[in-house]
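Working notes, beginning with the structure itself.
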Amino acid sequence: MSGSTLGKLFRVTVFGESHGPAIGCVVDGCPPGMALAEADIQHDLDRRKPGTSRHVTQRRESDTAEILSGLYQGKTTGTPIALLIRNEDQRSKDYGNIGETFRPGHADYTYTQKYGFRDPRGGGRSSARLTAPIVGAGAIAKKWLAEKYGTVIRGYMSALGPIDIPFESWDEIGNNAFFSPNAAIVPELEAYMDALRKSGDSVGAKISVVADKVPPGWGEPLYDKLDADLAHALMGLNAVKGVEIGDGMQAARQLGTGHRDEITPEGFLSNHAGGVLGGISSGQPVVAHIAIKPTSSMRLPGRSIDLDGQPAEVVTHGRHDPCVGIRATPIAEALMAIVLMDHALRHRAQCGDVAPGTMVVPGAIQGDAG
């Protein structure tokens with residue numbers, strides 16, 4: 001299967017299936033000499049893993065990362081880093097009743113059309129389980145970016161279904177199961193999810209991710225723009241149906257006088273562009289938003305067809321997230337980190353000797369949180 005690798009100089013290739021013995025990735029292009037241990041990776045894996053609250057799937061996985069290669073005496077060698085995460089809590093029997101039918105809204109139908117058959121256990125290759133290795137690779141990129149440039153990448157849930165979540169503070173995000181930056185709204189989110197879970201239905205979400213202290217100059221015009229590569233990577237995340245950079249779709253409703261990010265000697269006055277101008281980072285915070293669809297695996301019956309094209313009613317048993325967006329924040333952070341590190345290395349390779357202009361513009365005066 002092609003299409004399993006992300007990046008050019010910093011390359012991440014993911015392998016495995018939801019109910020196979022293990023999942024993992026190979027990270028190639030990490031510069032040598034950076035101190036790295038499993039603990040550097042485990043923190044973000046713990047933020048993403050299932051079973052952490054009543055609002056997500058109750059599949060129990062420790063998601064313990066093993067580093068198999070690419071290290072010597074605790075430092076990266078510049079050779080490929082292999083990460084392995086063993087699957088520990090598969091219940092393949094839960095999917096025995098869907099092997100002959102297609103779950104509506106899922107990849108069952110398209111995988112069968114493309115490959116001639118599919119692995120129905122937990123969605124196989126199309127499962128969000130495959131995001132765990134991406135989070136591991138993203139943790140490596142986060143560490144390198146922070147040490148090299150001071151770059152900090154953080155995300156949060158900005159909407160849960162019909163509920164918008166106003167940004168209040170980064171400090172609140174780690175204090176609740178929703179990655180909500182607003183403590184006051186958490187009881188409403190909990191009540192909404194409790195009612196949704198009882199109904200058997202599912203719901204979508206919006207996730208926002210921000211990278212602070214991104215140097216200006218990263219990005220390759222015309223077709224390897226920083227924002228284009230971010231959109232490409234974020235659209236690769238399971239269930240994502242929309243990506244916005246900066247104001248995104250709202251830009252269609254704005255006037256040029258309001259959208260343009262005016263510049264003063266003290267810096268930019270706004271950040272409607274999301275930190276990317278002409279496909280190249282401006283030095284402002286890089287801001288992206290993703291829309292995640294409701295999961296299609298649910299216990300409410302839905303109309304479909306079987307392998308013979310005959311009408312069928314599908315009910316999905318097993319353990320599923322009623323909102324896959326709840327665990328998506330660390331994944332979105334990881335994907336942004338991978339893209340930024342790839343472009344940092346590409347910029348260094350081509351333009352490492354370029355002296356910047358005489359005027360260095362500082363970050364945005366306002367709008368840093370997106």
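With the simple spin-label model, which puts each label point 7 Å out from Cα in the Cβ direction, the Tyr223 to Ser4 separation comes to 2.6 nm.
Where does the charge balance sit around His43 when Lys and Arg score +1, Asp and Glu -1, over other residues with C-beta under 15 Å from its C-beta?
Its environment carries a net charge of +1.
Annotation: amide H-H contacts under 5 Å for Met298 (H modelled 1.01 Å from N, sequence separation of 5 or more, or interchain): Thr316. Compared with the dominant Cα axis of the chain, that is its longest principal axis, helix 186-199 is turned about 30°.
Rounded to whole numbers, the Karplus 3J(HN,Hα) couplings from phi for the stretch 30-42 are 5, x, x, x, 8, 5, 8, 9, 4, 4, 5, 9, 5 Hz, using 6.51 cos²θ - 1.76 cosθ + 1.60 with θ = phi - 60°, and x at Gly and Pro.
When only Cα pairs below 8 angstrom with a gap of at least 6 residues are kept, the stretch 145-295 shows a relative contact order of 28 percent.
Peptides 151-163, 262-274, ordered by how many other C-beta atoms sit within 10 Å of their residues on average, highest first, read 151-163, 262-274. Its relative contact order, with pairs defined as Cα atoms under 8 Å and 6+ residues apart, puts the chain at 22 percent. For the options Ser69, Ser199, Ser296, a Gaussian network treatment of the chain with springs between C-alpha atoms closer than 10 Å singles out Ser199 as fluctuating the most. Compute the signed sum of charges (Lys and Arg +1, Asp and Glu -1) over the other residues within less than 15 Å, Cβ to Cβ, of Gly256. With Lys, Arg at +1 and Asp, Glu at -1, the neighbours total -1. In the elastic network of the chain, a GNM with C-alpha springs shorter than 10 Å, the most mobile of Val240, Val354, Val14 is Val354. Look at where the Cα atoms of the stretch 206-235 and of the stretch 1-41 average out, and the two centres are 20 Å apart. Under 17 Å from the 7 Å Cα→Cβ point of Gln250, by amide nitrogen: which residues of the stretch 196-219? What the label zone holds, given the 17 Å backbone N cut-off, is 206-211. Extent of the stretch 294-337 along its three principal axes (Cα atoms, max minus min coordinate, largest first): 45, 19, 14 Å.
Rounded, prolate or oblate: pick one for the stretch 230-289, where a ≥ b ≥ c are the square roots of the eigenvalues of its C-alpha gyration tensor, a/c under 1.5 means rounded, and failing that, prolate if a/b is larger than b/c, else oblate. Taking the square roots of the gyration eigenvalues as a ≥ b ≥ c, the stretch 230-289 is oblate.
If the segment from Arg348 to Thr77 were pulled out straight at 0.36 nm per residue, it would be longer than the present Cα-Cα gap by 95.7 nm. Less than 5 angstrom separates the built amide H of Gly242 from those of Ala291, all sequence-distant by 5 or more or on a different chain. Applied to the stretch 301-313, the Karplus parametrisation 6.51 cos²θ - 1.76 cosθ + 1.60 on θ = phi - 60° returns per-residue 3J(HN,Hα) values of x, x, 7, 7, 9, 9, 5, 8, x, 8, x, 8, 10 Hz, with x for Gly and Pro. Distant-in-sequence amide contacts of Ser127, defined by a placed amide H-H separation under 5 Å and a gap of 5 or more residues or a different chain, comprise Ser18. For the options Pro133, Pro322, Pro32, a Gaussian network treatment of the chain with springs between C-alpha atoms closer than 10 Å singles out Pro32 as fluctuating the most. Across the stretch 210-220, rounded Karplus estimates of 3J(HN,Hα) from the backbone phi angles (6.51 cos²θ - 1.76 cosθ + 1.60, θ = phi - 60°) give 10, 10, 9, 6, 8, x, x, x, 7, x, 10 Hz, Gly and Pro being marked x.
Throughout, read-outs are computed from the coordinates displayed, never taken from laboratory work. Note that the structure is a prediction, hence the values are computed from the model and not measured. Note that each Cβ is placed from the backbone with ideal geometry, even for glycine, and that neighbours are counted across all protein chains shown.
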